[in-house]
Amino acid sequence: MLLNFDDMLASSLIKVLRNNQQQFHPVIHFDPAKDALLSFDFTSQNKELTPAVLTDTKNFSTWVNAKLAEAGARYGIGGYSEHRTVYSISKVFDGGQPGDEPRRLHLGTDIWGKPHTAVMAPCNALVHSFAFNNRFGDYGATIILSHILEGTSFYTLYGHLSLSSLKNLQEGDRIEKGDVFAEMGIPAENGSWPPHLHFQLIENIGDWKGDFPGVCKFSEKETWLANSPDPDTILQLDQYMIKKAP
């Protein structure tokens with residue numbers, strides 16, 4: 001269902017986030033002096049992502065790891081507002097009815113790395129909700145945090161986590177800035193993807209709990225991107241990326 005978001009609210013959120021950029025804690029451990037970030041391309045331009053690669057999680061993971069090793073990169077990164085062909089492998093992203101437009105436009109940033117990579121809170125938060133979205137191609141273990149900065153509320157979503165990240169978690173739990181509260185999961189618990197973190201900003205979460213669309217229809221991109229602005233406003237990693245793979 002298409003939500004009716006207020007673009008002015010999203011613009012206000014971006015302003016608040018930019019005002020606080022120097023205060024955010026890294027979401028992952030990263031040292032720009034020695035760690036490299038490789039920009040991945042998951043659009044139709046990437047001819048290496050054949051069905052044989054995408055439909056077999058082991059093959060897909062091997063491809064990701066080979067690209068990172070070849071580039072000497074600690075993480076692969078990217079994907080915000082990217083129109084991705086990879087979502088054709090899962091019915092999660094179908095339109096619902098035959099002939100409906102599928103969802104293909106990515107609303108978050110993906111950080112591809114090793115399983116069990118620590119995930120940290122960028123600022124003080126409360127646990128809004130969490131769930132195990134256990135379908136092929138879905139988020140797998142998911143946590144959503146709520147935040148307030150300068151009187152402005154927003155949410156951050158963390159998808160493809162380990163199941164242990166959800167252990168003993170309760171809605172309303174306080175998470176301090178910099179706390180390690182989760183980790184990247186293995187394919188068996190992250191929706192059958194190569195290990196990575198899906199990080200997404202959300203202005204208006206509506207009635208969603210433990211889940212929120214991370215991919216939208218291309219025809220609705222302006223509405224959804226306004227509600228989920230560029231995660232790099234918090235991550236601040238794009239400046240360190242090297243050329244895209246392949």
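Readers should treat all values here as calculations from the given coordinates under stated rules, not as data from a laboratory. Because the structure is predicted, anything quoted here is derived from the model rather than measured. Backbone-built Cβ (ideal geometry, glycine too); neighbour counts: all protein chains shown.
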Could you order peptides 82-92, 39-49 by the average number of other Cβ atoms within 10 Å of their residues, highest first?
-> 82-92, 39-49
For segment 97-169, rounded, prolate or oblate, judged on the Cα gyration tensor with a ≥ b ≥ c (square roots of eigenvalues), a/c < 1.5 rounded, else prolate if a/b > b/c?
-> oblate
Calculate for the chain the 222 nm mean residue ellipticity that helices alone would give, adding -39,500 (n - 2.57) per DSSP H run of length 4 or more and normalising by residue count, nearest 500 deg cm²/dmol.
-> -5000 deg cm²/dmol
Between residue 153 and residue 114, what FRET efficiency comes out of the Förster formula 1/(1 + (r/R0)^6) with R0 = 35 Å and r the beta carbon distance, rounded to 0.05?
-> 0.60
Considering only DSSP beta bridges with both partners in the chain, what is the antiparallel share in %, to the nearest 5?
-> 85 percent
Give the shape of segment 109-246 as rounded, prolate or oblate, defined through the alpha-carbon gyration tensor: a ≥ b ≥ c are the square roots of its eigenvalues, a/c under 1.5 means rounded, and otherwise the shape is prolate if a/b is larger than b/c and oblate if not.
-> rounded
Burial ranking of peptide ranges 182-188, 123-129 (average Cβ count within 10 Å, highest at the top) = 182-188, 123-129
Can you grab the distance from the C-alpha centre of segment 21-48 to the C-alpha centre of segment 80-94, Å, no decimals?
-> 20 Å
Descending packing, highest mean Cβ count within 10 Å first, for 56-68, 224-236, 15-27 is 224-236, 56-68, 15-27
